[in-house]
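**Q** After the structure tokens below, expect a handful of questions from me.
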Amino acid sequence: MKPAEIPELPPGVDDQLAGEGIESLYPPQAEAVEAGLTKGESLVASVPTASGKTLIAELAMLSAIQRGGKALYIVPLRALASEKKTEFERWEEYGISVGVSTGNYESSEEWLASRDIIVATSEKVDSLVRNNAGWIDQLSCVVADEVHLVDDRNRGPTLEVTLAKLRRINPGLQVVALSATVGNAGEIADWLDAELVHSEWRPIDLRMGVHFGNAINFDDGSQREVPVDRSQRQTEALVGDTLDEGGSTLVFVNSRRNAESAAKRQGGVVERRLDDDEKAELQDLAEEIRSVSDTETSDDLADCVENGSAFHHAGLASEHRSLVEDAFRDRLLKVICATPTLAAGVNTPSRRVIIRDWRRYDGEFGGMKPLDVLEIHQMCGRAGRPGLDPYGEAVLLSKDADTMDELFERYVWADPEPVRSKLAAEPALRTHLLATISSGFANSREGLLEFLDATLYATQTGDDGRLSTVTDTVLDYLEANDFIEREDETIRATNIGHTVSRLYLDPMSAAEIIDGLRYAEEDRGKDEQSTGESHRERPAAEPEKVETDGFVSASDLVGDETEDETTETEAESDVDETQPPARPTPLGLYHLVSRTPDMYELYLKSGDRETYTEICYEHEAEFLGRMPSEYEDVAFEDWLSALKTAKLLDDWASEVDEDRITERYGVGPGDIRGKVETADWLLGAAEQLAGTLEFSSTIAVREAKKRIEYGVREELLDLAGVRNVGRKRARRLFEAGIESRADLRNTEKGVVLGALRGRRKTTETILENVGREDPSLDGVDEVETETAAVAREDRESDSGDEHSGDQSSLGDF
DNA sequence: TATAATGTATTGTAGACAGCATGTC
DNA sequence: CTACAATACATTATA
């Protein structure tokens, strides 16, 4: 089928496609068009990676827009959102406008409403539906990229529920679901009332094989000699071999450390095959990488890059990641050793893919668990760049003949596992049922069940017994925590329930936070008031707590002990009436948010147990909630890892250097940013919850959040809020005696200039931002104050290098 | 005796979405 | 209960 033969496209689009070198559609694309893709027909396309899925989506969206509609493209990752947006922007000359909406790339509702295509993550769409974004009901076409992810335990249910809701809001909605090749795509099509296009066709040949001994054995029976001798391991030999053919390699390994060490080793293989130009370019890239952050990871990566190799995993700062990805696409880097992140992420095709490790440690499983077939196939799908390589090769490694047979059996010949809905899990239903009630989708148990009947789970099981059981458990939980109210048959969300849903919090996180804040409130209450009533504002006759996931509301367990402590503290406060009332400390708040299910836990290493147990007792009084017993409570372990996270955050908010933090907690720079971002978000939510409940701790929460946001101590909060002033500049100014915005406005300009190490432009901008009357520095000379000089010597002695702009630290979007 | 080569116990393990209010070198 | 690579440390071979 030629582009010109596709019905219902906007004028000019066919020419554009032809101009892009598309003479005729790929078979699966043609099949999709024949199935009515451009006529508004719903469709599930289950086809291999890189076989033109995006074009299928584009055809559907463009034709829908041509009919006067509006399209939504749902991506699984934020990074993909911007990638897709750029891709779609080539239609702008045909009058098609594109917008993005993700957590860190926000656009106003009106602006989005005016766009023809909107790209968003599934969570963002869910959130928009919850908050009744006006344009949602104008949608006529929705594309769900990588729908097989409904199988994902954590994030799958969101996609599932979101699609169900969108279909409910707009019954005529065209749904185009793009999936990797999975066996049961038909079930997904049933669920969505869609046509199915299933194909194994690829535009570029993919050969899968297993390397064993001195050769790769391919699935088509052919072999390729790649000798391995003592000095060269399998991976190195294969990388060298690809490079001699002029191709680059992607190596998948199972841990971050392996990725780093493998990259280091590959450097040797690659380096001796580089020419001088490449070396020079790599040198520049290495410098750029070094300047992203002055951590060890950053240095290690730069060292690798100098040799033309790199590692890639979630511990990297996002700037690192994109630098590496871009350089690999430009063929400057010859090898990337990566954890599976890369397979799911942005498009980084490569001539050859090596899957070194096919098993990964899994604590729940209790050992090394083989990767899913689907996951392996996704990695393999990165092999071969259409138009550039004659074919792609995916190679698994084995050490003996038996393993080789197993690998063929398990992965090369095998079909991927069927996709199964994970919706019936309690954590998923907790959050989605509350949202469904809160946004008015359903107001009774029956209504909820009816809605759930429109999900993939219902289609797949055909039996809603489990669903209704879990629904009841979850409803009890929500009611017990005052998120919903039941009156006869009607269910409605409480004030706080609405807030929780709007904030996109897991209700369990919200319950934990509320309990923690209430704990602080009661603590404070007993200092302030002597009447002794009213400090228990929960309903007196509270129903027996439902044990959801073993979670029992902390305030229930606390009862007696609070009374005990009360008497003690009261005795003390009698002595000193002027003592200000207790108020949550930052560490206490960090610990509180760190133990919610929304915060990804830090791993306790050996020796950490002792260290943190000690710290735990030191800070016992600061915790917002009852500390589990060290000896009898399994929850103590979790308490400690939350404490570790809390300490990390506390270090960050105390201006500890990034590399000190990475060293102390055994994390990468990317992890720090991630943790900080999550904490910032949760503290924001906590602030709103405290506000809604009119707790006195609101201010303390806000302050803790600000400190996390800017990464500074309390005394710098005022300064760090000024635009262009981050944690480093704020500290410099402070050391020079400029302690507040008012100081910044009034201090002699020369002093400010001195404190900012003579950067005239920066100083002017900052003075302007702080609202100084006359920010111009004309004729002003640098004044070296004593404190500034001392501070500078300090700085220069331990870090001689000059980092002018390393203070943006957060929120790079 | 210093050093290199080899054997053995120990250690640690992937990933990343969301609110809100405004704006990075 | 299951693995395995990297590392740290211990032992043995070698100049």
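Just so it is clear, none of the values below were taken in a lab; they were calculated from the coordinates. None of the values given here were measured: they were computed from a predicted structure. Please note: Cβ atoms are built from the backbone with ideal geometry, for glycine as well, and neighbour counts cover all protein chains shown.
**Q** Test of understanding: ordering A:Leu503, A:Leu683 by Cβ neighbours within 10 Å, fewest first, what list do you get?
**A** On the way: A:Leu503 19, A:Leu683 26.
So the residues, fewest neighbours to most, are A:Leu503, A:Leu683.
**Q** Let me know the shape class of segment A:578-721, please: from the alpha-carbon gyration tensor, a ≥ b ≥ c as square roots of the eigenvalues, rounded when a/c is under 1.5, otherwise prolate if a/b is greater than b/c, or oblate. Let's see the in-between values first.
**A** Working: a/c = 1.64, a/b = 1.15, b/c = 1.42.
Cα axes put segment A:578-721 in the oblate bin.
**Q** What's the extension gain from A:Arg153 to A:Asp488 if we count 0.36 nm per residue and subtract their Cα-Cα distance? Please report the intermediate quantities before stating the final value.
**A** Numbers: separation 335, 0.36 × 335 = 120.60 nm, distance 3.38 nm.
Contour length minus the Cα-Cα distance gives 117.2 nm.
**Q** Can you pull a Stokes-Einstein diffusion coefficient for segment A:393-496 at 4 °C (1.567 mPa s), Rh from Kirkwood over Cα pairs, as a whole number of µm²/s?
**A** This corresponds to a translational diffusion coefficient of 79 µm²/s.
**Q** Ok, one more. Report, to one decimal in Å, the Kirkwood hydrodynamic radius for chain A based on all distinct Cα pairs.
**A** For chain A, inverting the mean 1/r across all distinct Cα pairs yields 29.6 Å.
**Q** Taking K and R as +1 and D and E as -1, what net charge do the other residues with C-beta under 11 Å from the C-beta of A:Gly103 add up to?
**A** Numbers: positive: A:Arg78, A:Lys124; negative: A:Glu106, A:Glu123, A:Glu677.
The answer is -1.
**Q** Report the semi-axes of the equivalent ellipsoid for segment A:3-198 in whole Å, largest first, where each axis is √(5λ) for an eigenvalue λ of the Cα gyration tensor.
**A** Values: eigenvalues 108, 84, 45 Å².
Working through the eigenvalues yields semi-axes of 23, 21, 15 Å.
**Q** Nearest 5 percent is fine: what portion of the DSSP beta bridges confined to chain A is antiparallel?
**A** On the way: 18 of 67 bridges.
That works out to approximately 25 percent antiparallel.
**Q** Something else now. Local charge sum around A:Ile336 (other residues, Cβ-Cβ under 11 Å, Lys/Arg +1, Asp/Glu -1)? If you can, show how the numbers build up before the last one.
**A** Details: positive: A:Arg321, A:Arg329, A:Lys334, A:Arg382; negative: A:Glu325.
Charge balance in the 11 Å sphere: +3.
**Q** Another one. Set the Förster distance to 51 Å, then compute FRET efficiency between A:Arg90 and A:Glu364 from the Cβ-Cβ distance, nearest 0.05. Don't jump to the answer; show the numbers that get you there.
**A** Values: r = 44 Å, r/R0 = 0.87.
Efficiency for this residue pair is about 0.70.
**Q** Working from the pairwise distances between different alpha carbons, so that the mean of 1/r is found and then inverted, what is segment A:430-491's Kirkwood radius in Å? Walk me through the intermediate numbers first.
**A** Details: mean 1/r = 0.0848 Å⁻¹.
Evaluated on segment A:430-491, it is 11.8 Å.
**Q** I need the peptides A:616-622, A:757-763, A:195-201 ranked by packing, meaning the mean over residues of other C-beta atoms within 10 angstrom, with the highest value on top. Write down the numbers at each step before the final one.
**A** Numbers: A:616-622: 13.3, A:757-763: 15.3, A:195-201: 17.0.
My ranking of the peptides, most packed first, is A:195-201, A:757-763, A:616-622.
**Q** Which lysines, if any, have their Cα less than 27 Å from the Cα of A:Lys264, not counting same-chain residues under 8 positions apart?
**A** Once the sequence-local lysines are set aside, what remains near A:Lys264 is A:Lys279, A:Lys334, A:Lys369, A:Lys399, A:Lys605.
**Q** Between A:Arg466 and A:Asn170, 0.36 nm times their residue separation minus their Cα-Cα distance comes to what?
**A** Contour length minus Cα-Cα distance gives 103.8 nm.
**Q** Search the structure for amide H atoms under 5 Å from the amide H of A:Phe311, placed 1.01 Å from N in the peptide plane, and list their residues when 5 or more places away or on another chain.
**A** A:Cys337
**Q** Can you tell me the order of A:84-95, A:275-286, A:585-596 when each peptide is scored by its average per-residue count of other Cβ atoms within 10 angstrom, highest first?
**A** Values: A:84-95: 15.8, A:275-286: 14.1, A:585-596: 25.5.
The most tightly packed comes first, giving A:585-596, A:84-95, A:275-286.
**Q** Any idea what the relative contact order of segment A:59-139 is, in percent, if you count C-alpha pairs under 8 Å spaced at least 6 apart?
**A** Working: 104 pairs, mean separation 29.0, N = 81.
Across segment A:59-139, relative contact order equals 36 percent.
**Q** Sticking with this structure for a sec: Taking the alpha-carbon centroid of each part, what is the distance from segment A:431-458 to segment A:603-651 in angstrom?
**A** First find each Cα centre; the distance between them is then 38 Å.
**Q** Here's something else I'd like to know. Rule-of-thumb check for segment A:205-412: C-alpha Rg over 2.2 N^0.38 Å?
**A** Numbers: Rg = 16.3 Å, N = 208, 2.2 N^0.38 = 16.7 Å.
Cα-based Rg divided by the globular estimate yields 0.98.
**Q** Please list, by residue number, every one of the trypsin sites (Lys or Arg not before Pro) in segment A:353-461 that is coil in DSSP and has at most 14 other beta-carbon atoms within 10 Å. Spell out each step's value before the answer.
**A** On the way: sites: A:Arg356, A:Arg359, A:Arg360, A:Arg382, A:Lys399, A:Arg410, A:Arg420, A:Lys422, A:Arg430, A:Arg445; in loops: A:Arg356, A:Arg382, A:Lys399, A:Arg420, A:Lys422.
Loop-located and lightly packed - A:Lys399.
**Q** Now, a different point. If amide hydrogens are placed 1.01 Å from N in the peptide plane, which non-local residues have theirs closer than 5 Å to the one on A:Leu397?
**A** For A:Leu397, whose amide H was placed from the backbone, the distant partners under 5 Å are A:His211, A:Ile355.
**Q** Search the structure for amide H atoms under 5 Å from the amide H of A:Leu43, placed 1.01 Å from N in the peptide plane, and list their residues when 5 or more places away or on another chain.
**A** A:Val175, A:Val176, A:Ala177, A:Glu195
**Q** Number of Lys pairs in segment A:3-198 with C-alpha atoms less than 21 angstrom apart, excluding same-chain neighbours closer than eight positions?
**A** Lysine pairs, 8 or more places apart or on different chains, close enough: 12.
**Q** How do A:Thr403, A:Thr471 line up, fewest other C-beta atoms within 10 Å first?
**A** Details: A:Thr403 16, A:Thr471 19.
Neighbour counts put them in this order, fewest first: A:Thr403, A:Thr471.
**Q** Excluding A:Arg130 itself, calculate the net charge of residues whose Cβ lies under 12 Å from the Cβ of A:Arg130, where each Lys or Arg counts +1 and each Asp or Glu counts -1.
**A** Working: positive: A:Lys124, A:Lys165, A:Arg502; negative: A:Glu123, A:Asp126.
In short, +1.
**Q** Continuing with the same structure: Sorting A:Lys728, A:Lys165 on the 10 Å Cβ count, fewest up front, what's the list?
**A** In increasing order of surrounding Cβ atoms, one gets A:Lys728, A:Lys165.
**Q** If you don't mind, another one. Fully extended, how many nm does the chain gain between A:Met627 and A:Thr611 (0.36 nm per residue separation, minus their Cα-Cα distance)?
**A** On the way: separation 16, 0.36 × 16 = 5.76 nm, distance 1.64 nm.
Fully extending the segment from A:Met627 to A:Thr611 adds 4.1 nm.
**Q** Let me know the shape class of segment A:1-75, please: from the alpha-carbon gyration tensor, a ≥ b ≥ c as square roots of the eigenvalues, rounded when a/c is under 1.5, otherwise prolate if a/b is greater than b/c, or oblate. All intermediate terms of the calculation are to be shown ahead of the outcome.
**A** Numbers: a/c = 1.43, a/b = 1.02, b/c = 1.41.
Rounded is the answer for segment A:1-75, as its axis ratio a/c remains below 1.5.
**Q** In percent, how large is the relative contact order of segment A:374-525, given Cα pairs closer than 8 Å and 6 or more residues apart? Working shown, then result.
**A** Details: 120 pairs, mean separation 30.8, N = 152.
Across segment A:374-525, relative contact order equals 20 percent.
**Q** Spin-label point model (7 Å from Cα, Cβ direction): what's the A:Ser776 to A:Glu450 distance in nm?
**A** Here the answer is 7.2 nm between the modelled labels.
**Q** Applying a 10 Å radius around every beta-carbon, put A:435-441, A:237-243 in order of their mean neighbour count, most first.
**A** Working: A:435-441: 20.6, A:237-243: 22.4.
For the peptides A:435-441, A:237-243, the packing ranking is A:237-243, A:435-441.
**Q** Okay, helix-only estimate at 222 nm for chain A: each DSSP H run of n ≥ 4 adds -39500 (n - 2.57), divide by all residues, round to 500 deg cm²/dmol; what do you get? Intermediate values should be presented prior to the final figure.
**A** Numbers: 35 runs with 389 residues, N = 813.
It lands at -14500 deg cm²/dmol.
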